[in-house]
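Notes for the one structure printed next.
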Amino acid sequence: MQVSIVDAFTRTAGAGNRAGVVLDAVGLDAEAMQRIAAAVGASETAFMLSGPDGGVRLRYFTPKAEIDFCGHATVATFHLLAERGLLPREGHARLECAAGTLDVELEAMGGGASRAWIVTPRHAWETPPVPLSKVLPLVGGSVDMVDETLPAYRNAQRLVVPFRRREDVWNLAPRAGALAELLGPHGMRGLYVFTRDVREAGSVAHARYFVPGVGVAEDPVTGSAAGPLGVYLASHGVLSLPAEGGTVRARIEQGDAIGKPGRIEVEVTGRAGAPERARIGGVAVTVLEGTLRA
């Protein structure tokens with residue numbers, strides 16, 4: 001099986017979030033894909049079942065489970081398709097996955113690279129089903145670290161919690177098994193924490209994501225969470241949308257705490273206080289090409 005290893009949300013090999021990409025997955029069943037993803041060992045591996053002419057159809061597997069959508073593995077796949085000349089370096093494409101049909105735009109960048117812009121699935125923002133006083137000690141945190149000017153929410157299968165200080169975010173150390181045991185019965189797979197205490201001018205948030213529910217102790221740079229975070233920040237006035245409607249862009253930092261820095265561009269469209277759509281944007285670099293015998 002031909003497998004590519006691609007680092008997404010970075011142009012530096014070894015940084016960002018590593019994905020496996022199998023461009024010819026026709027004929028593979030779920031069991032085979034799961035076995036390949038486990039052998040690759042990246043946080044996610046994307047399997048292309050059709051495309052690109054009729055729309056790119058992908059399935060995503062962590063080393064332990066299948067998931068509906070993965071931002072960095074999608075960036076990695078479209079980077080690879082453009083790099084190989086299977087898609088133009090600039091233009092629109094259609095992504096089909098378990099989360100639905102999503103628009104993808106390739107933007108030509110300098111040096112022959114392309115940035116992939118991907119519309120992210122939307123999910124309701126709900127009251128957390130578990131008290132933060134029970135969750136945060138399992139990652140080495142406490143409720144006094146929380147930014148009380150912003151709410152904590154459940155969004156899909158993740159708990160989203162704002163912190164005041166980047167230092168506290170960096171010092172978190174999850175007990176993966178205990179966290180999965182607490183969140184799992186409530187249909188949640190992980191904890192996404194962020195702070196507005198950023199490292200770089202132009203960034204709006206700095207994040208970490210612990211996802212033990214799918215066998216990923218920490219996901220280095222998470223596009224599927226960054227898009228919803230953009231909607232959250234626009235809903236609460238951290239990102240300012242025009243009253244008459246328009247678009248705002250910002251950058252989310254992630255991965256720095258574990259030595260794999262990546263940067264996710266986020267674009268939110270809508271009216272002030274009423275965001276309607278989010279896209280994530282990211283570049284990537286191909287690290288390895290090879291044959292996997294699994």
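Any read-out appearing in this document is the output of simple, stated calculations on the displayed coordinates, not a laboratory observation. Just so it is clear, the structure is predicted and the values come from calculations on it, not from any experiment. Methodologically, a virtual Cβ is constructed for each residue, glycine included, from the backbone with ideal geometry; neighbour enumeration extends over all protein chains shown.
Points worth noting:
- Cβ-to-Cβ counts within 10 Å put 36, 118, 252 in ascending order as 36, 118, 252, the fewest first.
- The phi-based Karplus calculation (6.51 cos²θ - 1.76 cosθ + 1.60; θ = phi - 60°) puts the 3J(HN,Hα) values of the range 65-72 at 7, 8, 10, 6, 7, 9, x, 6 Hz, whole numbers, x for Gly and Pro.
- Positive-end residue, the range 125-280 charge dipole about Cα centroid, Cβ charges, pick of 205, 247, 149: 247
- Averaging Cα coordinates gives a centre for the range 107-185 and one for the range 1-57; these two points are 25 Å apart.
- Cut-off 15 Å between beta-carbons: net charge of the residues surrounding residue 101, Lys and Arg +1, Asp and Glu -1: +2
- In this structure, residue 113 and residue 289 have a Cβ-Cβ separation that, at R0 = 22 Å, corresponds to a calculated FRET efficiency of about 0.80.
- Three-way shape label, the chain, alpha-carbon gyration tensor, a/c 1.5: oblate
- Whole-Hz ³J(HN,Hα) from phi, Karplus 6.51 cos²θ - 1.76 cosθ + 1.60, for the range 207-221, glycine and proline x: 10, 9, 9, 9, 10, x, x, 10, x, 10, 4, 8, 8, x, 9
- The range 1-39 residues near the modelled residue 84 label - backbone nitrogen below 12 Å, point 7 Å along Cα→Cβ: 2-5, 21-26
- Theoretical FRET efficiency, 1/(1+(r/R0)^6), r = Cβ-Cβ of residue 217 and residue 243, R0 30 Å, to 0.05: 0.10
- Once the Cβ-Cβ distance of residue 127 and residue 171 is raised to the sixth power relative to R0 = 35 Å, the FRET efficiency obtained is 0.80.
- Gaussian network model of the chain, springs between alpha carbon atoms under 10 Å - residue of 18, 175, 249 with greatest fluctuation: 175
- The charge dipole of the range 181-294, taken about the Cα centre with unit charges on the Cβ atoms of Lys, Arg (+1) and Asp, Glu (-1), comes to about 100 debye, rounded to the nearest 20.
- Couplings 3J(HN,Hα) for the range 234-247, derived from phi with the Karplus relation 6.51 cos²θ - 1.76 cosθ + 1.60 (θ = phi - 60°), are 6, 5, 9, x, 6, 9, 9, 8, x, 4, 7, x, x, 9 Hz, where x marks Gly and Pro.
- Net charge dipole, the chain: roughly 240 debye, given to the nearest 20, about the Cα centre with Cβ charges of +1 for Lys and Arg and -1 for Asp and Glu.
- Exposure proxy ranking for 203, 114, 142, based on other Cβ atoms within 10 angstrom of each Cβ and starting from the fewest, stands as 142, 203, 114.
- Theoretical ellipticity at 222 nm over the chain - DSSP helices of four or more residues, -39500 (n - 2.57) apiece, nearest 500: -5000 deg cm²/dmol
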